[in-house]
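For reference, the structure discussed in these notes is given below.
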Amino acid sequence: LAKTTQPISMDSYEGQEVNITCSHNNIATNDYITWYQQFPSQGPRFIIQGYKTKVTNEVASLFIPADRKSSTLSLPRVSLSDTAVYYCLVGLVDTGRRALTFGSGTRLQVQP
Amino acid sequence: DAEITQSPRHKITETGRQVTLACHQTWNHNNMFWYRQDLGHGLRLIHYSYGVQDTNKGEVSDGYSVSRSNTEDLPLTLESAASSQTSVYFCASRPDEGYNEQFFGPGTRLTVL
């Protein structure tokens with residue numbers, strides 16, 4: 001599995017856009033990039049997944065450059081409720097028979 | 001609505017006791033996983049199952065066992081609880097088709113005294 005590197009923590013204020021970058025220099029050709037969000041005292045929750053360029057859903061956007069060695073999770077206009085730990089994962093998606101490898105994640109603290 | 005539940009949500013036990021944590025999902029997913037999460041760390045895989053009667057060891061399986069007698073349940077047993085097993089335990093499931101979305105339960109906080 002490709003190793004990922006993320007900042008340990010980030011701080012932001014309500015209403016700002018937050019960009020969390022993940023480095024994955026050894027990403028393989030068939031690997032996808034997936035982001036999870038974990039609130040305190042809860043299990044992780046899937047946010048978004050992509051392979052290249054840009055993916056957007058109702059929660060976030062994921063930007064992946066052409067070389068795919070990094071990716072950026074973008075959270076538009078964060079609120080206090082976006083305070084959580086965000087995990088970047090890289091791996092195959094060809095089958096559900098795969099456990100996920102979580103790193104330490106990025107702890108986002110949103111201030112009023 | 002389909003869901004995944006864990007019980008108990010909190011458990012305090014003593015060193016040497018056998019403890020079983022329950023996990024139940026109603027999505028009919030074949031694939032189920034147990035992770036542990038220690039303070040300030042990501043999740044580490046304990047055991048996983050791809051279907052009934054199938055179980056596999058993860059990276060931190062020592063001292064733990066699982067059994068899969070039906071699709072809905074994957075109980076995790078600590079054979080002889082140790083203080084090093086104090087942690088938060090998460091169960092997860094996912095469907096067979098290719099996608100990286102795992103569905104996690106709410107977690108069980110286990111304290112071994």
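Taken together, the values in this text are just the output of simple stated rules run on the coordinates, not laboratory data. In this text the structure is predicted, and so the values were computed from the model without any measurement. For neighbour counting, all protein chains shown are included, and Cβ atoms are generated from backbone atoms with ideal geometry for every residue, glycine included.
The stretch A:39-112 gives an Rg/Rh value of 0.96, both radii derived from C-alpha positions and Rh following Kirkwood. Compactness ratio for the stretch A:1-93: Cα radius of gyration over 2.2 N^0.38 Å (N = residue count) comes to 1.04. Here the protein assembly as shown is treated as a sphere whose radius is the Kirkwood value from Cα pairs; by Stokes-Einstein at 10 °C and 1.306 mPa s it diffuses with a coefficient of 87 µm²/s. Distance between the modelled labels on residue B:2 and residue A:21, one decimal in nanometres: 3.8 nm (7 Å Cα→Cβ projection).
Give me the log10 of I(q) over I(0) for chain B at q = 0.19 Å⁻¹, as the Debye formula computes it from C-alpha points; what are the numbers? Computed log10 I(q)/I(0) values: -0.93. Neighbours of residue B:36, meaning other residues whose beta-carbon lies under 13 angstrom from its beta-carbon, give a summed charge of -1 when Lys and Arg score +1 and Asp and Glu score -1.
Put simply, the stretch B:1-58 fits an ellipsoid with semi-axes of 21, 15, 14 Å; these come from the alpha carbon gyration tensor as the roots of five times its eigenvalues, largest first. Per residue, the convex hull spanned by the Cα atoms of the stretch B:53-106 measures out at 110 cubic angstrom. Placing a label point 7 Å from the Cα of residue A:66 along the Cα-to-Cβ direction, the residues of the stretch A:20-51 whose backbone N falls under 18 Å from that point are A:29, A:51. Here residue B:62 and residue A:42 are evaluated by their C-beta separation; at R0 = 35 Å the FRET efficiency comes out at 0.85.
Straight-distance candidates among the lysines for linking to residue A:69, with alpha-carbon spacing under 22 Å and chain neighbours fewer than 8 residues away dropped: A:3, A:52, A:54.
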